[in-house]
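One structure, pasted below without further comment.
We did not get these values from a lab; they are worked out from the coordinates using the rules stated. Please read these numbers as outputs of a predicted model, since none were measured by experiment.
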């Protein structure tokens, strides 16, 4: 059976390294599914869930990314994430509180730059909460 070498890394370090049968993640223009022997590709990714079907045990690995870059080469997938959090480390209560604070920051923004910064934070947290709910629902 053909597999892919998958690496998910962020500024904090390596989040996942291993062999997989399939990888799915939120590309800039829509959901991407990567199988072995996929055409080479480089694209930006949006905040959301990276799902990795592990080759060793058949389990699905789940990582939330807050955006970044995807590189696909023959037999290799690399996700360079702005921020990446393992699924089991996600905390919905903390994310909901941070989302509320970002919403308040948007309402109280004194400039367009402050508003845009708060809006980006709000969007990433909304995606994180959606990913948490999807992960917990499995």
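Give, in nm to one decimal, the length gained when the segment between residue 43 and residue 24 is fully stretched (0.36 nm per residue of separation minus the Cα-Cα distance). Could the numbers behind the result be given before it?
Values: separation 19, 0.36 × 19 = 6.84 nm, distance 1.35 nm.
My answer for the length gained is 5.5 nm.
While we're here: Taking Cα atoms, how many degrees apart are the long axis of helix 92-107 and the longest axis of the chain, rounded to 10 and kept between 0 and 90?
Orientation of helix 92-107: about 50 degrees from the principal axis.
Moving on to the next point. Per-residue ellipticity at 222 nm for the chain, helices alone: DSSP H runs ≥ 4 residues times -39500 (n - 2.57), over residue total, nearest 500 deg cm²/dmol? Can you show the working numbers first?
Working: 2 runs with 41 residues, N = 138.
Helices in the chain give a 222 nm mean residue ellipticity of -10500 deg cm²/dmol.
Note the angle between two axes, namely the Cα long axis of helix 112-136 and the longest principal axis of the Cα atoms of the chain, as a number of degrees from 0 to 90, rounded to the nearest 10.
50
For region 4-87, how big is the tail of P(r) above 15 Å, as a whole percent of Cα pairs?
Numbers: 1678 of 3486 pairs.
Everything past 15 Å amounts to 48 percent.
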